[in-house]
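Only one structure is covered here, and it is reproduced in the block below.
The values are calculated or read from the model by the stated rules, or taken from the named source; none is laboratory data. What you see is a predicted model; the values in this text were computed from it and never measured. All Cβ positions, glycine included, derive from the backbone under ideal geometry; neighbour counts span all protein chains shown. These accessible areas exclude ligands, DNA and RNA; they are computed on the full protein's heavy atoms, side chains included. Shrake-Rupley method; radii C 1.70, N 1.55, O 1.52, S 1.80 Å.
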Amino acid sequence: MTPSPMDPRPSSKKDRIDALASTAGTGTAVADVHVSAAGKVKDTGGVSLIASAWARLRRDPVFLLGAVITILFVVLALLSPWIAPNDPTKRMPELLKDLTPGNIPGAAPGFPLGSDEFGRDLLSRLIGGARQTLIVGVFATLFGLAGGITLGTLAGAFGGWIDSLVMRIVDVMLSIPSLLLAVSIAALAPEPSQWTVIIAIATVQVPIFARLLRGSMLAQRASDHVLAARALGVTQGAIVFRHMLPNSLGPVIVQSTLVLATSILDAAALSFLGLGNPDDRQPEWGAMLGTATRYIQDYPHLAFYPAACIIVVALGFTLMGESLREALDPKSRR
Amino acid sequence: MTTTTPRDTNPMDATPTDTSNVADRDKARRWQQGGSEPLLKVRDLRVTFQRQGQEPFEAVQGVSFDVHPGQTVGLVGESGCGKSVTSLAIMGLLPARGNKVTGTVDYEGTNLLDLSDQQMRDKRGKDIAMVFQDPLSSLNPVIPIGLQVTEVLERHRGMSRKAATPVARDLLDRVGIPDPDRRLKDYPHQLSGGMRQRALIAIALACQPRLLIADEPTTALDVTIQAQILALLKELVEDTGTALVMITHDLGVVAGLCDEVNVLYGGRIVERGERHDLFAQPRHPYTHGLLASIPRLDAPRGQRLNPIPGSVSDNLPWTSACAFAPRCSQPIEVCTQKMPELVEQHQRALRCFNPVEANR
Amino acid sequence: MTDNTDVLVDAQGVKVHFPIRRGVIFDKTIGHVYAVDGVDLQIRRGETYGLVGESGCGKSTLGRAILNLEPPTEGSVTFDGVDIAALKGEALRKKRQDIQMVFQDPLSSLDPRQSVESLLFEGMKAHGLAKNAKEARPRLVELLNAVGLPEAALLKYPHEFSGGQRQRIGIARALSVNPKLIVADEPVSALDVSVQAQVVNLLEDLQEEFGLTYLVVAHDLAVVRHISDRIGVMYLGAIAEEAAADDLYATPLHPYTRALMSAVPVPDPVVEDRREQILLTGDLPSPSRPPAGCRFHTRCPWRQETKCDTERPVLRIPEIPGVGEGHRVACHWTEQIQSGEIQPHEVAPTITDASDLGAVDESLMGPASISEAL
């Protein structure tokens, strides 16, 4: 019936045929091919779901492309002080001499991308910006994830009035447009800093994660294997943390890779609106993009480079997330 | 225990309603004496699924059988035996990509596999109709039942909506849906499972097809509802002379309904025969084992069942052995060395090196 | 009626009603699904009690109510002298050691992320039977051997097994805590025909080996008859007839039992050609609006003008000579039907609007017989 292979283990089949071939011709008329009552069980270690998902991911070109982009980005971020040819915070005398109110110097020897609006090396600022961008993206996602998992687990594990209460809070948060919410939270802070940006973006992500997790937790709650665990007399805590949560995390993990991409974009938007980190000694792509828009008529390249970096990195995470989603989907397994 | 039981209490010989006796069954077997040309000739049908990054998998590995007008042919087997894929291949309903179908499906001189999508669409519903397992997902949920029947009439018989409506009403009545005038306007979700399956049969019958393929039509239904649907199918076949291909895993269903039975295992037919003959003397160890492993309602209690060991995942590849050999009760050496061929003899066909002894 | 000492489970007046809620802000109860509506049932120590019926008859819900996985709305379930229906929290959790369950779908009832070892060990740990997996290992291997699986299976995950093997793991898990009663909910209906017999035999062997008591819930009358000592036939939330397995087949008394038995196809063309069926007309009524009086009267070919549609019959021992002991039936006219005084007649089919308020959600009931999907 199923149009997929009944036995996806050709190697074991071959082994068995080989074994049969070696026993054949020994003169017995009756072939010794009986299986035991329960059928054959391979004599090897088991393959968990994660292991089989990983085996498929390793061969998925989309995932590999996403992973390469992401790894390059992370390496760049970690090693930026050593990779950057110049100090990204220093106004370079070589560039300053050509910098006038009407002219931002372009490419020059030693400065392949030229100068920014204050006479600093654009390439070095892009490389240095990777670190700040990564910090913003990763921490915003992590905080959002932590909040979302907490709320989602509470709602999904207990149900009843706790679920109703948590979900109403989440609904209220979702009803405010996300950027508006982030702007409001960022504006609440006495003075904007890197961390206000992170917290603002994380807060926006919390309801998304919470809703997603609660949904799959509820599905798990009604599932046969959770019922089986209850029937077995497993304690409530073990059911939540051993059975429900691990089986519900798949979509949340996928979502978090996508959120990583969007939180970089959100950070860019906040910086653009002037709510980003005002300290421009720590270059950040979003902030660079924000300030570059002032010169976009005459010097579009100032906006183009950070924008391109953001797009490529966001694409890397998105590709990874998409193929991860496909690999973790139980329906695509077999 | 059963001292003073009056005669009519045993349900096996109880009185009411349905009356299909041996004489009636003989009428349905006109195709046998007439020596008619087969309506459908399936020859060496092979279906290979090819998925990206996976080894190609041959679900149907050379299936051949005939269906004569008015005949009911059963395809029986367990999950993975290729019975449903066979039916979908005949109907041209396999997904357009990821599979390869070879062989011939000869319907009155036309090879259905050669037809274009458009030509096949004209054939489907008009000449060949199909009834599926899950009536809810086979019906369009947002269109009333009546409209779904008239649509077929409009498309294949060129009727106007107005002319088609009373015909649709009669069809619903014919398949035993009570109060058909009202039900014409009902949506699928408003009907019970059994009524939905009736509606689906009405749609299949709309164009008086000469061949009806039923893929597990009663598997999703309760026993009492299953009995209703089977009685309906039996009656329709006898009244209209439609040929029926019945696909099922349930040997009980086959025993009561089919004239000829094909038993499939691992994508190939392993045994074929007229139903009385086949059930009385199953020769293939698989057929024999299946019959021995099913608890029967009319058998004395207290006997242990004789299961077939293992599962289909223990199969050997047909190319170099008998796929069933590892699970077989009486394999001989040659069973693991080459594939047995399907040998036809006395209106029986058998694919086995060491068949079960005939017990008569 | 039965010797009280050997009764392991005594369910009295069990009702399970599911509220149907609807509402925009506040959920309002607008009706009930009467899944189980007043069932008395005794299971003796060491026997196999079979519960049959069609989807929506409440047999699975009753099975779960006996485990208190679905708390009964009313009634008591006395297990070994303790009322399980009244237990809560930690006391209930501890009591679960005695009553285990085997599920219909062996894949969905095994956590896909747990290896067989941790699946089997989990219950033992929860009930303090072993401290760590290492210490429990000999026992785990023993459990696997009992269900016919090799030790190598311990390290594997559910998706690496065939359907029959998974069901064996499910059974081993149930056995892991040394239960006294196992409730098996459609234990074979999701399996291939050739594998069903393996599991049926295994259940029989284990019963003998471990002295288990079974409650087998299934829709397949042939399987239930084969495995059970006593059978209860359920229709719309109540038991219509209860008898020893042999008696039920030899002398089915309730009109519904007769129809049900006559509808089961037998894999024998000779029998199939000869037999005449009692074809029921119409649909099963919605359990949210069960018919008044006898629940079967809307489809019953033996229905009478009086009593049937007004008075709900109780499960009673009929006054028919020769009927086996403990054969009980809920029909007003059993004696007259049996003697031939009342003859069957045509029944005008009634149809149930499936979208009706509170009609049973099919996914909730689970189509018990989809043994294979495309």
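How much accessible area is lost when chains C and A come together, counting both sides, with a 1.4 Å probe, in Å² rounded to the nearest 100? Could the numbers behind the result be given before it?
Numbers: alone 18550 and 19040 Å², together 34370 Å².
Using a 1.4 Å probe, the pair buries roughly 3200 Å².
Under Stokes-Einstein, with the Kirkwood radius over Cα pairs standing in for Rh, what whole-number D in µm²/s applies to the range B:136-208 at 10 °C and 1.306 mPa s? Stokes-Einstein gives a translational diffusion coefficient of 136 µm²/s. Taking the 1.4 Å solvent-accessible surface of the range C:263-346 as the whole, the part contributed by carbon and sulfur is 50%. Placing a label point 7 Å from the Cα of C:Thr350 along the Cα-to-Cβ direction, the residues of the range B:186-219 whose backbone N falls under 16 Å from that point are B:192. Extension gain, A:Ala308 to A:Ala219: 0.36 nm times the residue separation minus the Cα-Cα distance gives 28.0 nm.
Taken about its Cα centre, the range C:263-346 carries a charge dipole of roughly 400 debye when the Cβ of each Lys and Arg holds +1 and the Cβ of each Asp and Glu holds -1.
Mind checking the range B:53-114 for trypsin sites (Lys or Arg not before Pro) that DSSP puts in a loop (not H, G, I, E or B) and that have at most 12 other Cβ atoms within 10 Å? Could the numbers behind the result be given before it?
Details: sites: B:Lys83, B:Arg97, B:Lys100; in loops: B:Arg97.
Those that pass, being in a loop and sparsely packed, are B:Arg97.
Along the range C:170-175, what does the Karplus equation 6.51 cos²θ - 1.76 cosθ + 1.60 (θ = phi - 60°) give for ³J(HN,Hα), rounded to whole Hz, x for Gly and Pro? My calculation for the range C:170-175 gives x, 5, 4, 4, 4, 6 Hz in order. For chain A, a crude dipole built from +1 on the beta carbon of Lys and Arg and -1 on the beta carbon of Asp and Glu, taken about the Cα centre, is about 1100 debye to the nearest 20. Partner shielding of B:93-104 amounts to 0, given as the average count of beta-carbon atoms from other chains within 10 Å of each residue beta-carbon. When the alpha-carbon atoms of the protein assembly as shown are used, the pair Rg, Dmax equals 33.9, 119 angstrom. I want to check the label-to-label distance for C:Asp6 and C:Arg316. Put each point 7 Å from Cα in the C-beta direction and report it in nm to one decimal. Label-label distance for C:Asp6 and C:Arg316, simple model: 2.8 nm. How charged is the neighbourhood of C:Asp105? Take every other residue with its Cβ under 10 Å from the Cβ of C:Asp105, and add Lys/Arg as +1 and Asp/Glu as -1. Charge balance in the 10 Å sphere: -2.
From other protein chains only, count the Cβ atoms within 10 Å of every residue's Cβ in C:145-157, then give the mean.
On the way: counts 0, 0, 2, 6, 5, 6, 2, 6, 5, 2, 5, 7, 6.
Per residue, the average neighbour count from other chains is 4.
Dipole size of the protein assembly as shown about its Cα centre, with +1 on Lys/Arg Cβ and -1 on Asp/Glu Cβ: approximately 2220 debye, rounded to the nearest 20. Comparing C:Pro106, C:Gly123, C:Gly58 along the charge dipole axis of the range C:46-171, the residue lying farthest to the positive side is C:Gly123, per the Cβ-charge model.
Listed cross-link partners B:Lys83/B:Lys338; A:Lys42/B:Lys83; C:Lys180/C:Lys307 are compared with a 32 Å cut-off, the Cα-Cα value being larger for C:Lys180/C:Lys307.
Counted over the range C:159-304, the DSSP beta bridges are approximately 55% antiparallel. Average 1/r across all pairs of distinct alpha carbons in chain A, invert it, and you get the Kirkwood radius: 23.8 Å. Across the alpha-carbon atoms of the range C:96-238, the computed radius of gyration and Dmax are 15.0, 48 angstrom.
Over the range B:43-189, the hull volume per residue, using the convex hull of the C-alpha atoms, is 157 Å³.
Across the range A:281-289, computed HN-Hα scalar couplings (Karplus, 6.51 cos²θ - 1.76 cosθ + 1.60, θ = phi - 60°) run 6, 9, x, 9, 4, x, 5, 4, 4 Hz from first to last residue, x flagging Gly and Pro. Size descriptors for the range C:263-346 (Cα atoms only): Rg and Dmax, in that order, 15.2, 42 Å. Taking amide hydrogens as placed 1.01 Å from N in the peptide plane, the amide H of C:Val33 sits under 5 Å from those of C:Phe18, C:Ile20, each at least 5 positions away in sequence or on another chain. Where is the GNM fluctuation largest for chain B (alpha-carbon springs, 10 angstrom cutoff): B:Ala59, B:Ala299, B:Ala255? Result: B:Ala299 has the largest fluctuation of those listed. Counting only lysines at least 8 places from C:Lys28 when in the same chain, those with an alpha carbon closer than 29 Å to its own are C:Lys15, C:Lys59, C:Lys88. Taking amide H as placed 1.01 Å from N in the peptide plane, the amide H of C:Val183 sits under 5 Å from that of C:Gln100, C:Met101, C:Val102, C:Leu215, each at least 5 places away or on another chain. Seen against the Cα atoms of chain A and their longest principal axis, helix A:122-158 is set at about 50 degrees.
Share of carbon and sulfur in the accessible area of chain A stands at 68%, probe radius 1.4 Å.
Compare the peptides A:187-194, C:265-272, A:225-232, A:298-305 by average per-residue count of other Cβ atoms within 10 angstrom and give them in order, highest first.
Listed from highest to lowest mean packing, they are A:225-232, C:265-272, A:298-305, A:187-194.
Note on B:Lys162: lysines with a C-alpha under 16 Å away, same-chain residues under 8 apart excluded, are B:Lys185. Derived scalar couplings between HN and Hα for the range C:203-213 equal 4, 5, 4, 5, 4, 5, 5, 10, x, 8, 10 Hz in order, rounded to whole Hz, by the Karplus curve 6.51 cos²θ - 1.76 cosθ + 1.60 (θ = phi - 60°), x for Gly and Pro.
DSSP assigns beta bridges within the protein assembly as shown; of those with both partners inside it, close to 60 percent run antiparallel.
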